[in-house]
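Notes for the one structure printed next.
The values are calculated or read from the model by the stated rules, or taken from the named source; none is laboratory data. Quick caveat, the model's predicted, so the values are computed rather than measured. Using ideal geometry, Cβ is built from the backbone for each residue, glycine included, and neighbour counts are taken over all protein chains shown.
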Amino acid sequence: MADLQAEFESVSSGASQTYPIQCSALRKNGFVMLKGRPCKIVEMTTSKTGKHGHAKVHLVGIDIFTSKKLEDICPSTHNMDVPNVSRKDYQMVDINDSYLTLMDDSGDTREDLKLPEGDLGQDIEKKHDNGDNFLVSFYCRIDINIDFDSFPDLPMHKHLTVG
């Protein structure tokens, strides 16, 4: 008789890249997968139920990797995938050879983020050179790092984000 061996894999909670949620439960400034891309919802409208069935939800989102605008329409009772996205805030410490030195709330530092090109990079350099205290927020989906994006200033401190 042959020996049977079972193979088991274990995964931790949150290991899936997405989870389903009813379309009508989505909210502006939340996240959703639009056309297979993780997006932040910037606009959401719901049409009334018509003679052909369900109310429809029109979603407009910004791709969190590419900043491209995407749209989709989904029946309000259907499920849509929501990406597992986390946000981590860092205090801006220094810039060395075009790399940012950032410190989290537990005192750990990271130096693996390159200063972004364009207006945001220039804004970060200017604020750093002026001695301003500000936060950099870093969004990631599972283990995928997301590009820089800018958020409005908060009243207590300057707030920039790695979006």
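Observations
- Residues in the stretch 20-37 that are in a strand (DSSP E or B), closer than 12 Å to Ile64 by Cα and out of contact with any Cys (no Cβ under 9 Å at 6 or more places or on another chain): Leu34, Arg37.
- Meets criteria (among the charged types (D, E, K, R), within 16 Å of Cys140 (Cα to Cα) and either in contact with a strand residue (DSSP E or B) (Cβ under 9 Å, 6 or more places away or on another chain) or without any contact (Cβ under 8 Å) to a residue 60 or more places away in the chain (or both)) for Asp97: no
- Of the residues making up the stretch 81-109, those that are within 18 Å of Gln122 (Cα to Cα) and either touching a helix residue (DSSP H, G or I) at 6+ places or on another chain (Cβ under 8 Å) or β-branched (Val, Ile, Thr) (or both) number 6.
- Subset tally (residues that are assigned to a loop (DSSP other than H, G, I, E, B) and either closer than 14 Å to Leu135 by Cα or out of contact with any Lys or Arg (no Cβ under 7 Å at 6 or more places or on another chain) (or both)) for the stretch 91-121: 10
A quick yes/no check of all residues on (1) modelled with pLDDT of 90 or more; (2) small (Gly, Ala, Ser); (3) out of contact with any strand residue (DSSP E or B) (no Cβ under 7 Å at 6 or more places or on another chain); (4) in the same structural domain as Thr46 (by TED's automatic domain parsing):
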{"site": "Leu70", "(1), (2), (3), (4)": "yes, no, no, yes"}
{"site": "Thr77", "(1), (2), (3), (4)": "yes, no, no, yes"}
{"site": "Val93", "(1), (2), (3), (4)": "yes, no, no, no"}
{"site": "Thr109", "(1), (2), (3), (4)": "yes, no, no, no"}
{"site": "Leu115", "(1), (2), (3), (4)": "no, no, no, no"}
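- Pairs where the first residue, in the stretch 24-41, is assigned by TED's automatic domain parsing to the domain that holds His58 and the second is in a strand (DSSP E or B) and aromatic (Phe, Trp, Tyr), C-beta under 6 Å, 6+ apart: Lys40/Phe31
- In the stretch 76-106, the qualifying residues are those that are under 30 Å from His52 (Cα atoms) and loosely packed, with under 15 Cβ neighbours inside 10 Å, and the one that is farthest from the chain's Cα centre (by Cα) is Thr77.
- Looking only at residues in the stretch 42-57 that are in a loop (DSSP other than H, G, I, E, B) and in contact (Cβ under 8 Å) with a residue 24 or more places away in the chain, the one that is farthest from Lys68 (Cα to Cα) is His54.
- Selection from the stretch 45-69 of residues that are aliphatic (A, V, I, L, M) and either buried (at least 18 other Cβ atoms within 10 Å of the Cβ) or out of contact with any Leu (no Cβ under 8 Å at 6 or more places or on another chain) (or both): Ala55, Val57, Leu59, Ile62, Ile64
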